[in-house]
Amino acid sequence: MRFTVLGSGTTVPDADRGPAGFLLQREGANLLIDGGGGTIQRLARAGVDARELDGGVYSHRHVDHCGELVPLLFTLRVGADKPRQRDYPIWAGEGFERFLAQLKAVYPGWLEGRLWSPRVTELPLDGPGEALLPGGVTLRTLPANHAAGALHLRFESPEGGSLVFSGDTGPSEHLITLSRGADVLVTECRRAERPLRRPSVPRTSCRWCVRPAQACCSPTS
């Protein structure tokens, strides 16, 4: 698997660092992992045409992680030289299908084509989830300590390689569990010492991130 960081920032304006967006590639498949504003342009800079994406995985529905979804679907609808003839699959937590339906209601007819539609596979928010992605990658999920149907994501290749993406989260035992034995951990970090604590959106700290990082060095059983 090849993992490219397209954006690792927030919605705070920054000329060099955009909101969250990542590209996972294996066996010719291109998978978008989250996608805040500007992701289409950053995909192009990474040498990938957004119109050729094979699907997307979303950790949660906050704007800095999925704000480019409407422009992306619009690009698939009108930006291709020839009509797209395959659905655009999306994997996300429960509630995402309703969220997409609401977006379609705002932009009727513009977020799907005559021969394709975005198709959502929802993953549970009350326990582990699993799905097979394009390129033969297995996705495993656990609920995150955040908001808006947030998930931790673990990607596994048939060869045995594994990568864990925390998404936004506060301190989370689920992240430690999912990180166990992983080759790579990509985790959010909001503050150096103490987590930023708000009732609705827990966030984590550099000091706490040591725990899931240590789990990567531990066996899975």
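The values are calculated or read from the model by the stated rules, or taken from the named source; none is laboratory data. Source: prediction; values computed, not measured. Note that we place each Cβ from the backbone using ideal geometry, even for glycine, and neighbour counts take in every protein chain shown.
What to note about this one:
- Test: G35 is touching a strand residue (DSSP E or B) at 6+ places or on another chain (Cβ under 7 Å) and over 20 Å from L139 (Cβ atoms): no
- Of all residues in segment 157-183, those that are surrounded by fewer than 17 Cβ atoms within 10 Å (Cβ to Cβ) have Cβ atoms under 6 Å from Cβ atoms of residues that are assigned to a strand (DSSP E or B), 6 or more apart or on another chain, in D183/S162.
- Count of segment 65-103 residues, restricted to those that are more than 17 Å from W116 (Cα to Cα), touching a Phe, Trp or Tyr at 6+ places or on another chain (Cβ under 8 Å) and among the aromatic types (F, W, Y), is 1.
- Scanning segment 121-141 for residues that are of a type in the set (A, V, I, L, M), surrounded by 21 or more Cβ atoms within 10 Å (Cβ to Cβ) and outside any loop (DSSP other than H, G, I, E, B) yields L123, L139.
Yes/no per residue for (1) over 30 Å from D126 (Cα atoms); (2) surrounded by 14 or more Cβ atoms within 10 Å (Cβ to Cβ):
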site	(1), (2)
E27	yes, no
L31	no, yes
G35	no, yes
H60	no, yes
H65	no, yes
G79	yes, yes
Q85	yes, no
F99	no, yes
W110	yes, yes
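- Flag for S179 being at pLDDT 90 or above and either small (G, A, S) or in contact with a Cys (Cβ under 8 Å, 6 or more places away or on another chain) (or both): yes
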